[in-house]
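Here is the structure we will look at, set down as structure tokens.
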Amino acid sequence: MSSNTTKQTTPVEVTAPEATSSTDPLHLIDVDHVRIYVGNAKQASFYYAYAFGFQVTQYEDLTTGNREQASYLLTQGNIRIILTTGLSKDHEAQEHIRLHGDGVKDIAFTVFDAEKAFNRAVENGAEIAYEPYTVEDDHGTVTRAGIKTYGQVIHSFVSRTGNYALPNVKHGNTILPGFASMTHPLNKFNEDNPCGLKFLDHCVGNVELDGMNKAVDWYENVLEFSMFKHFDDEDISTEYSALMSKVMSSGGGLIKFPINEPAEGKRKSQIQEYLDWHNDTPGVQHLAFRTNDAIQSIAELRRRGVNFLDIPKEYYEIVWDRVGDIEEEKKIVQDLGILIDRDDQGYLLQLFTRPVQDRPTLFFEIICRRGSQSFGKGNFKALFEALELEQERRGNL
Ligand code: FE2
């Protein structure tokens, strides 16, 4: 990538919304971490470090005294991902991997009191994943409790004191008791060549046919989320898209959870392909990472070899009529294969990776919002044509 692909615009610092209320037990302060179960955490940490620029800063394994599992903490901006693998056949991560391959297990929320949040969610009808428990050491406490959402995915509530308080974790303190700090050979390179990913913008779940409304109700009733109303909040179902989607938003606007279900189309729905390769079980389809500079981030990610969806050339013949002028230089946007969409509040730039493991399941999105709060509906047709080409190559149409 030549140097003329560097950014054109003045970056606007974007941060996740902060908590303002400590009286609501389900007030989500932050996305505490996302736990991904992987077949080999040591190797996966290298992939995420190199391909996506995550710092690998903490770990737990046999050498730290953990005889159950090995984990690596990856950080970038306000994103914390824990890659975990089991050390024996009986660890639940191993069953998860056998049935689903690598995938998201837990989207954990920081709350003021994990036990209170858990109790409220259970009163609201949540099924228990695990009961509250507190681990305490000289540095402070971490209390965790978990509830089950769609498929095998859970939401943990996490409350923290002392050095384990989230602001301290953001400054490099230990994320969970038992983790040890580490250096990684790619950390310096990543510091010098940032990918600019800031925080988790949204987390998309794929559920079974007719499962969408059930999942939507779950977020409304159990976590007290509300339906995200925006200009394109109607169900999406075209001959190309072949899916239906509704978006749920947390009370404080911290994070959004779009839920997709397959729909009848001319071809097999991409949601159905996901389910076919995910043991017919709902799960997380993609995590969207926010950047404030799409050009810089995507240029750097491409330089690192991240495998993005190919956008058909024809897309750019019509897109500018649809979205009009943007701050970024259009030629660079096109050269980098970035998608653009506009709504009544502004526009967005986005791009989707191919699946990040061998099964066509979990992938990532890079998204940059310039006012728009939607999800790129205008890109669906162009995008799904591209996805169909991919499905065809995999023999799954
Ligand atoms: Fe998305």
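The table for this structure:
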read-out: Yes/no for Ile311 being of a type in the set (A, V, I, L, M), under 17 Å from Phe384 (Cα atoms) and over 21 Å from the mean Cα position of the chain (by Cα); value: yes
read-out: Candidate set: segment 166-205, residues that are outside any strand (DSSP E or B) and charged (D, E, K, R); chosen: the one farthest from the ligand (Cβ to nearest atom); value: Lys188
read-out: Single unsatisfied condition, Asn163 versus (1) farther than 22 Å from Met227 by Cβ; (2) open to solvent by less than 10 Å² (accessible area, probe 1.4 Å); (3) not basic (Lys, Arg); value: (2)
read-out: Of residues in segment 70-125 being among the hydrophobic types (A, V, I, L, M, F, W, C) and open to solvent by 30 Å² or more (accessible area, probe 1.4 Å), the one nearest to Thr161 (Cα to Cα); value: Phe112
read-out: Odd one out for Val158 among (1) closer than 13 Å to Leu176 by Cβ; (2) in contact with a helix residue (DSSP H, G or I) (Cβ under 8 Å, 6 or more places away or on another chain); (3) surrounded by fewer than 22 Cβ atoms within 10 Å (Cβ to Cβ); value: (3)
read-out: Criterion violated by Leu287 - all others in (1) part of a helix (DSSP H, G or I); (2) in contact (Cβ under 8 Å) with a residue 24 or more places away in the chain satisfied; value: (1)
read-out: Residues within segment 248-273 that are hydroxyl-bearing (Ser, Thr, Tyr), within 14 Å of the ligand (Cβ to nearest atom) and surrounded by 22 or more Cβ atoms within 10 Å (Cβ to Cβ), tallied; value: 0
read-out: Qualifying positions in segment 208-217 - of a type in the set (A, V, I, L, M, F, W, C) and surrounded by fewer than 24 Cβ atoms within 10 Å (Cβ to Cβ); value: Leu209, Ala215, Val216
read-out: Residue satisfying condition, being at pLDDT 95 or above and surrounded by fewer than 18 Cβ atoms within 10 Å (Cβ to Cβ), within set Thr134, Thr149; value: Thr134
read-out: Residue within segment 109-120 that is closer than 27 Å to Phe364 by Cβ, touching a residue at least 12 places away in the same chain (Cβ under 8 Å) and more than 18 Å from the chain's Cα centre (by Cα) present; value: yes
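For every residue, the table says whether it meets (1) closer than 30 Å to Asp30 by Cα; (2) without any contact (Cβ under 8 Å) to a residue 40 or more places away in the chain; (3) outside the structural domain of Asp201 (by TED's automatic domain parsing).
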{"site": "Met244", "(1), (2), (3)": "yes, yes, no"}
{"site": "Ile271", "(1), (2), (3)": "yes, no, no"}
{"site": "Tyr274", "(1), (2), (3)": "yes, no, no"}
{"site": "Asp280", "(1), (2), (3)": "no, no, no"}
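The values are calculated or read from the model by the stated rules, or taken from the named source; none is laboratory data. As the structure is a prediction and not an experimental result, all values here were calculated from the model. Cβ: placed from backbone, ideal geometry, glycine included. Neighbour counts: every protein chain shown. We work out accessible area using only protein heavy atoms, side chains counted, and drop any ligands, DNA or RNA first. Shrake-Rupley method; radii C 1.70, N 1.55, O 1.52, S 1.80 Å.
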